[in-house]
Amino acid sequence: MKQMAGEHDKPKAGEEKPREVSFEQSLAELQQIVQELEQPGVPLERALELFEKGVRLSEACRKQLVEAESRIEILLKRGQKVIPQPFGPEQK
């Protein structure tokens, strides 16, 4: 069976991903995937490869965001009560 591009870095069932990729790197790779998928004439098999990789990257980004949100909530915890605070670039 032919090995797909990037298949060597795909974790096998029951294995952990060998290296942790930053959120920013994953997001940039997702943007590249979207750009490639938007190009006319992408072969079906290549589109499926890209879609599968995009789903994995999207899930990894989602997990990193959930972890970041949890860390922020822990930092903002006051006694037994969590006080959610908006988080954005305008706040420093």
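The set of residues from the stretch 52-82 being over 23 Å from Ile33 (Cβ atoms) and either among the basic types (Lys, Arg) or at pLDDT below 65 (or both) comprises Arg71, Lys77, Arg78, Gly79, Gln80, Lys81, Val82.
Within the stretch 1-25, restricting attention to residues that are modelled with pLDDT of 50 or more and among the polar types (S, T, N, Q), the residue that is surrounded by the most Cβ atoms within 10 Å (Cβ to Cβ) is Gln25.
Residues checked against (1) touching a Gly at 6+ places or on another chain (Cβ under 6 Å); (2) in a helix (DSSP H, G or I); (3) surrounded by 11 or more Cβ atoms within 10 Å (Cβ to Cβ):
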site	(1), (2), (3)
Leu27	no, yes, yes
Gln32	no, yes, yes
Gly41	no, no, no
Leu48	no, yes, yes
Arg56	no, yes, yes
Ser70	no, yes, no
Glu73	no, yes, yes
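The values are calculated or read from the model by the stated rules, or taken from the named source; none is laboratory data. For clarity, every value in this text was computed on a predicted model and none was experimentally measured. With ideal geometry, Cβ positions are generated from the backbone for all residues, glycine too; neighbour counts draw on all protein chains shown.
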